[in-house]
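K.L.:
First the structure, then my questions, so here it is.
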Amino acid sequence: DQQVKQNSPSLSVQEGRISILNCDYTNSMFDYFLWYKKYPAEGPTFLISISSIKDKNEDGRFTVFLNKSAKHLSLHIVPSQPGDSAVYFCAASAHSGAGSYQLTFGKGTKLSVIP
Amino acid sequence: GAGVSQSPSNKVTEKGKDVELRCDPISGHTALYWYRQRLGQGLEFLIYFQGNSAPDKSGLPSDRFSAERTGESVSTLTIQRTQQEDSAVYLCASSPAFADNEQFFGPGTRLTVL
């Protein structure tokens, strides 16, 4: 069963407009959520995160919103730039009894920003 | 370099052979994770090391998979008797002891089993 779901495999947005990437989760034990960005042939790079005690976190052009009751989070990028074109992964973690903060990832959304 | 490095970047092997993948974490990072990403899928957790604690092996898909880490340095992931379904990109990540949620990823090793 997929505990983190990104239902849109791809998204195209015009340069300068807002990009909204969505993510849903099913495991209520998740208490920390992250977005990673991945370019081809590179490892994912951390973008922004949010703790379950917050409902919004902003960092420059990137804002993550968390709706715990709906088990939904979203990443807003505004304004979108061509360099933002990449695959975006939503990830979640819950501190396990073994001490690990293993991340559970969605399948990713490929964002294309059109100049 | 200051980032996580992995070798080889690509590995093609025949079904039934053993392979060994290497990860060099960021210096000073005590936590190390292995993930794999199969085509069209998200990253799947495999194993976690933290200092000298017993590793969390809960994500290893079968007993053909094993991993070792020497202290807080290099880790190797070994896959014995490889199968075609093992074909994937294997990613290593490390993080500082007290910032476990932000993991820094290496570029991955693309494994192809023929």
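The values are calculated or read from the model by the stated rules, or taken from the named source; none is laboratory data. Just so it is clear, the structure is predicted and the values come from calculations on it, not from any experiment. Cβ atoms come from the backbone with ideal geometry, glycine included; neighbour counts cover every protein chain shown.
K.L.:
So for the stretch A:41-60 (the condition being touching a helix residue (DSSP H, G or I) at 6+ places or on another chain (Cβ under 8 Å) and modelled with pLDDT of 95 or more), does at least one residue qualify?
P.N.:
There is no residue in the stretch A:41-60 that is touching a helix residue (DSSP H, G or I) at 6+ places or on another chain (Cβ under 8 Å) and modelled with pLDDT of 95 or more.
K.L.:
Still on this structure, I have one more. Quick one: would you say B:ASP86 is touching a residue at least 12 places away in the same chain (Cβ under 8 Å) and among the acidic types (Asp, Glu)?
P.N.:
Yes, satisfied.
K.L.:
Would you pick out the residues in the stretch A:40-54 that are more than 9 Å from every other protein chain (Cβ to nearest Cβ) and surrounded by 13 or more Cβ atoms within 10 Å (Cβ to Cβ)?
P.N.:
A:LEU47, A:ILE48, A:ILE50, A:SER52, A:LYS54
K.L.:
What about A:ALA70, is it in a loop (DSSP other than H, G, I, E, B), surrounded by fewer than 14 Cβ atoms within 10 Å (Cβ to Cβ) and either more than 10 Å from chain B (Cβ to nearest Cβ) or of a type in the set (Asp, Glu) (or both)?
P.N.:
Numbers: in a loop (DSSP other than H, G, I, E, B): yes; surrounded by fewer than 14 Cβ atoms within 10 Å (Cβ to Cβ): yes; either more than 10 Å from chain B (Cβ to nearest Cβ) or of a type in the set (Asp, Glu) (or both): yes.
Yes: the conditions hold for A:ALA70.
K.L.:
Same structure, new question: So, B:LEU91, is that one on the phi < 0 side of the Ramachandran plot and surrounded by 18 or more Cβ atoms within 10 Å (Cβ to Cβ) or not?
P.N.:
Working: on the phi < 0 side of the Ramachandran plot: yes; surrounded by 18 or more Cβ atoms within 10 Å (Cβ to Cβ): yes.
Judged against the criteria, B:LEU91 is a match.
K.L.:
When A:ILE18 is evaluated against the numbered criteria (1) surrounded by 17 or more Cβ atoms within 10 Å (Cβ to Cβ); (2) closer than 20 Å to A:ASP84 by Cβ; (3) more than 11 Å from chain B (Cβ to nearest Cβ); (4) not hydroxyl-bearing (Ser, Thr, Tyr), which criterion, by number, is the only one it fails?
P.N.:
(1)
K.L.:
List the number of the failed condition for A:ASN7; all other conditions in (1) surrounded by 14 or more Cβ atoms within 10 Å (Cβ to Cβ); (2) within 13 Å of the chain's Cα centre (by Cα) hold.
P.N.:
(1)
K.L.:
Looking at the stretch A:8-16, can you tell me whether even one residue there is free of Cβ contacts under 8 Å to residues at least 60 places away in the same chain and in contact with a strand residue (DSSP E or B) (Cβ under 9 Å, 6 or more places away or on another chain)?
P.N.:
No: the stretch A:8-16 contains no residue that is free of Cβ contacts under 8 Å to residues at least 60 places away in the same chain and in contact with a strand residue (DSSP E or B) (Cβ under 9 Å, 6 or more places away or on another chain).
K.L.:
Any residue at all in the stretch A:7-15 that's within 13 Å of chain B (Cβ to nearest Cβ) and charged (D, E, K, R)?
P.N.:
No, the stretch A:7-15 has no match at all.
K.L.:
Within the stretch B:27-83, track down each residue that is surrounded by 14 or more Cβ atoms within 10 Å (Cβ to Cβ), within 10 Å of chain A (Cβ to nearest Cβ) and assigned to a loop (DSSP other than H, G, I, E, B).
P.N.:
B:GLN41, B:GLY42, B:PRO55, B:LYS57, B:SER58, B:GLY59
K.L.:
Does B:ALA93 fit the bill of being modelled with pLDDT under 90 and closer than 20 Å to A:SER93 by Cβ?
P.N.:
Numbers: modelled with pLDDT under 90: no; closer than 20 Å to A:SER93 by Cβ: yes.
Against the criterion (modelled with pLDDT under 90 and closer than 20 Å to A:SER93 by Cβ), B:ALA93 does not qualify.
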